[in-house]
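One structure is given here, and the rest of the page talks about it.
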Amino acid sequence: MLNFILKRLVYIVIAMYLIITATFFLMQLAPGSPFASERELPPAIEEQLNAKYGLDNPWYIQYKDYLLDTITFDFGESMKYKGRSTNDIISESFPVSLALGIEAMILAIGLGILLGVISALYHNKWPDYLSTIIAILGISVPSFILAGLLQYYLSFRAGWFPVSGWKGFSYTLLPAIAIAVTHAGFIAKLTRSSMLEQNNSEYVKLARAKGLGKWKIVFKHSLRNALLPVVTYLGPLFAGVITGSFVIEQIFAVPGLGRHFVTSITNRDYTVIMGTTVFYSLILLVAVLIVDILYSVIDPRIKLKGAKK
Amino acid sequence: MKRNKKVVLTATALSLSAILAACGGDEEKNTASTGDGEKELNLLIPSEPPSLHPQLASDTTSGAIIESAFEGLTTMVDGEPVLAAAKDYVVSDDLLTYTFTLRDAQWSNGDNVTAQDFEYAWKWALNPENASEYSTILYPIKGAESYNTGAGTAEEVGVKAIDEKTLEVTLNAPTPYFLELTAFKTFFPINKANAEANPTWYAEADSYVGNGAYTLATWNHSGDIVLEKSETYWDAKNVNIDTVNIAMVESETTQMTMYDAGEVDYLGAPYGSISLDAIDRLKSEDKLNVSNQAGIYWYKFNTKDPVMQNENIRKALALAIDREGLIKNIVKGEQEPALGMVPNSVDGFSEDDGYFKDADYEQAKKYLDAGLKELGIASAADLEVKVSYNTSEAHSAIAQFIQQGWTDKLGISVKLDNAEWQVYLDKISNGDFQIGRLGWGADYNDAYSFLEMYNSAANGNNQTGWSSDEYTKLLNESVVETDPTKRTEKLLAAEAVIMDDMPVAPIYYNTNLFIESDSIENMVPDALGNINLKYVDVK
């Protein structure tokens, strides 16, 4: 196990280096400057700005500086938001995305598993059809459409929720639902097919023969095994939802990291692009590692490659 | 096994309880209110303000907040500069030296506002190390440009605190709009002691010190800003609103839903924009308000391009635009067709009917034929031009409308070239375009603001590459002219020169569009698109 983790950590370092390098060169290649605006800057001022942020150095000096900054996790001052460091931006906006992401994940997992289990238990009966329709609708309706509908019907028409903002629990629910529904649909489908597979297995048949109740079999036996495909889906889902959804954060005016991740690119805010990319990549890589470790915890039959026997 | 069951049950319970809680949620509606004697105003801005430092800010979003938290020597009321932090001023006979006397006023931290604070702030903006993007607006001050470009020193700049209450400013040339400039954010003072003690004082609410009608009480980055009436402001008794809540909401649809739901009291310029989609509905409900703006939307011709070099072709294209139709059917904001360079809202400048007729296809055809002959192109069908613009629904719709007109009426073929904002700016400033969309909003309400950028081909804002000795001469003469009537004549003559050569096709003069709740009073953006919240009230 330890060997496996160490090996994977080395891979993570290599992957991070490649990501940082690729991001740096893509930024160099992209046309546009962080200081460009419709009103042209006098050349002298643009030179001063370039000098201030080290953009007047040759690429290899900038590259070296970026690598050093990244190792120390100091990405410098944002080029768009004056007087604010990239680290400030990440540390203020990440907790917001994290809270929203966790709420969305809980909703997605709870609803998804519930629908999936109902579907499998009432296979080819009306609850199955209903759950499947809900799951398919969840997957096929884009989150921004759903967000708009939620905002219109639950905020504007019914007045139950504030339209947008981030000032308390009631502000978090609509964006969390908008993020969760698509994922809940996927989880429901995964759970359903996996549960159906388990229902035909010998141990479930035996449990039935022993006279155990429907729900007891689900919770005592089949669900645990059926959850494995769901766990596979959770790694990328976790990384995706906790780093923020750009569209949902934009629609509900949530001050999360997702917006910075995207708008920093359109702003050519190099320091923030670099900071958010490194941060996001690290979370994604670590999340995938954790999922791999979780596999072996949930199903001891799965051995980690490279783990000691 | 048990643990698994618990996890599933907990997750299910949590999700259900979340939904149930959601159904029972009730939020109080925010509206401009006078409840319990406190007056509140709820506004929206589209994004986090990039900087609330008066000398670093270069965008309208930041500007709108800075103007409530700070005050210059003068402030704009109904389009005219009136005394604010200064209680009096004297101008020398040659109109080159202004001596301001400051009134007794305090910063939001209780310090006295001094002439030294003004001198410090202006020189801070000009210091090349601080890379202030708007420092050029200080260039009418003697020695400002040379200090800013590294040629001169701070001591040579013509701004000097004679004592705590007296500020002396020396200009390069008589500048009739100088008192208007002193109301602009780059001319605001900074609390010197606070700024020296904490160089990033402007990045957080708790270190933010201003001298304006409101203080910055809260700043949740990317979330919202709360302004509160300043108790230390010299004219606090005339400030009506106690609290201004400003939420940052990017999505135009969400902004409109918030307005419709009564969560905000005002939507539109200068804090944001009204989406094109909503305009028809708002007009039919008689809710849309319009005020004039000193701004223009124009197409610039790259005169270094072999085809656009031809004056007749440029004129043909400029005349063959149906501006009335464009405004009525596409942009819909009651803009005014632009038939010259300077908007009619600029005080006492344009009273004529413009330099050409709108949608003058007959004349355009004549220019086109002449141009084609000069270029050796056999027929109009052989001419292809390219219109560049940046990604936006409005710019794209405008370009398509004009494309249609040029194709139908002139018989030429027109290609559209769309690019992302930063890429587009790069292309325009590198001269990699034939016809490009741009806009211009004045910083001070004077014709010079619209004409000055074409004074030389080297000016960064003159992307056309066009220049004219006659034009430059007239502009330079206007700068030193002390008689206002003669000065206007020179500027009008310069406008005639550029319109005769047509390196630019003016399209429309902008308007400020806004909607507001019935309870709001005195909230109308001025020609420069500013609103002074000091004078706003709620019933």
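Here, each number is a calculation from the coordinates, and none is a lab measurement. All of these numbers come straight from a predicted model, not from anything done at the bench. Neighbour counts run over all protein chains shown; Cβ positions are idealised from the backbone, glycine included.
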_Ellipticity estimate at 222 nm from DSSP helix runs (n ≥ 4, -39,500 (n - 2.57)) divided over chain B, nearest 500_ = -9000 deg cm²/dmol
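Calculate, for B:K366 and B:V77, the FRET efficiency according to 1/(1 + (r/R0)^6) with r their C-beta to C-beta distance and R0 41 Å; round to the nearest 0.05.
It comes to 0.25.
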*Simple spin-label model, 7 Å along Cα-to-Cβ: A:N50 to A:V297 in nm?*
5.2
*For the range B:479-539 and the range A:1-70, what is the separation of their C-alpha centers, rounded to whole Å?*
42
*Per-residue mean of C-beta atoms belonging to partner chains within 10 Å, peptide B:130-138*: 5
*If we count other beta carbons within 10 Å of each Cβ, what is the order of B:W201, B:W122, fewest first?*
B:W201, B:W122
_Kirkwood Rh over alpha-carbon pairs of the range B:51-202, then Stokes-Einstein at 37 °C and 0.692 mPa s: what D in µm² s⁻¹, rounded to an integer?_
213
_Run the numbers for B:D358 and B:N112: contour at 0.36 nm per residue of separation, minus the present Cα-Cα distance, in nm._
83.0 nm
*Which residues' amide hydrogens lie under 5 Å from the amide hydrogen of B:V77, considering only partners 5 or more residues apart or on another chain, with H built in the peptide plane?*
B:V82
*Label A:R208 and A:N124 with points 7 Å out from Cα along Cα→Cβ: what is the distance between them in nm?*
1.2
*asked:* Of the candidates A:L212, A:L154, A:L284, which one comes out as most mobile in a Gaussian network treatment of chain A with C-alpha springs shorter than 10 Å?
replied: A:L212
*Computed [θ] at 222 nm, deg cm²/dmol, chain A (DSSP H ≥ 4; -39,500 (n - 2.57); rounded to nearest 500)*: -23000 deg cm²/dmol
*What is the mean number of Cβ atoms from other protein chains located within 10 Å of the Cβ atom of each residue in peptide B:486-492, rounded to a whole number?*
0
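Within 10 Å of each Cβ in peptide B:415-426, how many partner chain Cβ atoms are there on average? Round it to a whole number, please. Present the calculation step by step, with values, prior to reporting the outcome.
Numbers: counts 0, 0, 0, 0, 2, 5, 7, 11, 5, 4, 9, 6.
That average works out to 4.
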_Give the aspartates and glutamates reachable from B:K123 as a straight Cα distance under 12 Å; neighbours fewer than 8 places away on the same chain don't count._
B:E145, B:E155, B:E156
_Rounded to whole Hz, the Karplus (6.51, -1.76, 1.60) HN-Hα couplings of the range B:57-70, x for glycine and proline_ = 5, 9, 10, 6, 4, 4, x, 4, 7, 4, 5, 8, 8, 10
_What are the ³J(HN,Hα) couplings of the range A:169-181, residue after residue, when phi is run through the Karplus curve with 6.51, -1.76, 1.60 and θ = phi - 60°? Round to Hz, x for glycine and proline._
4, 5, 6, 8, 5, 4, x, 5, 5, 4, 6, 6, 4
*Within 10 Å of each residue's Cβ, count the other Cβ atoms and sort B:D104, B:D426 from fewest upward.*
B:D104, B:D426
*Could you pull out the longest piece of chain B with no exposed loop GluC sites (Glu not before Pro) in it, calling a site exposed if DSSP puts it outside H, G, I, E, B and it has at most 11 other Cβ atoms within 10 Å?*
B:39-230
*Distance from the Cα centre of the range B:119-189 to that of the range B:243-307, in angstrom?*
33
*Evaluate the distance, in nm, between pseudo-label points positioned 7 Å from the Cα of B:S392 and of B:A493 along their respective Cα→Cβ axes.*
3.6
*Gaussian network model of chain A, Cα springs within a sub-10 Å range: biggest mean-square fluctuation belongs to which of A:F156, A:F24, A:F169?*
A:F169
*10 °C / 1.306 mPa s Stokes-Einstein diffusion coefficient of the protein assembly as shown, Kirkwood radius on C-alpha pairs, µm²/s*: 52
_Under 10 Å, Cα contacts only: if you run a Gaussian network model on chain A, which one of A:L206, A:L68, A:L173 comes out with the highest mean-square fluctuation?_
A:L206
*Using θ = phi - 60° and the Karplus relation 6.51 cos²θ - 1.76 cosθ + 1.60, list the HN-Hα couplings for the range B:376-384 in order, rounded to whole Hz, with x at every Gly or Pro.*
x, 9, 5, 9, 4, 4, 7, 8, 10
*For the range B:292-512, how big is the tail of P(r) above 24 Å, as a whole percent of Cα pairs?*
41
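Work out the FRET efficiency for B:N344 and A:I102 from their Cβ-Cβ distance, taking R0 = 60 Å, and round it to the nearest 0.05.
Values: r = 56 Å, r/R0 = 0.94.
My answer for the efficiency is 0.60.
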_Nonlocal amide H pairs with B:D360, under 5 Å, H built at 1.01 Å_ = B:I321
_Stokes-Einstein diffusion coefficient of chain A, Kirkwood radius over Cα pairs, 25 °C, 0.890 mPa s, in µm²/s_ = 110
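How would A:H260, B:H221 line up from fewest to most surrounding beta-carbon atoms within 10 angstrom?
Working: A:H260 32, B:H221 20.
Least to most surrounded, the residues fall as B:H221, A:H260.
What is the sum of charges around B:F450, taking Lys and Arg as +1, Asp and Glu as -1, for the other residues whose C-beta is under 12 Å from the C-beta of B:F450? Don't skip to the end; give the middle numbers.
Values: positive: none; negative: B:D443, B:D446, B:E452, B:E495.
Spelling it out: positives minus negatives among the neighbours equals -4.
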*Which cross-chain or sequence-distant (5 or more) residues have an amide H under 5 Å from the amide H of B:N292, H modelled 1.01 Å from N in plane?*
B:N512
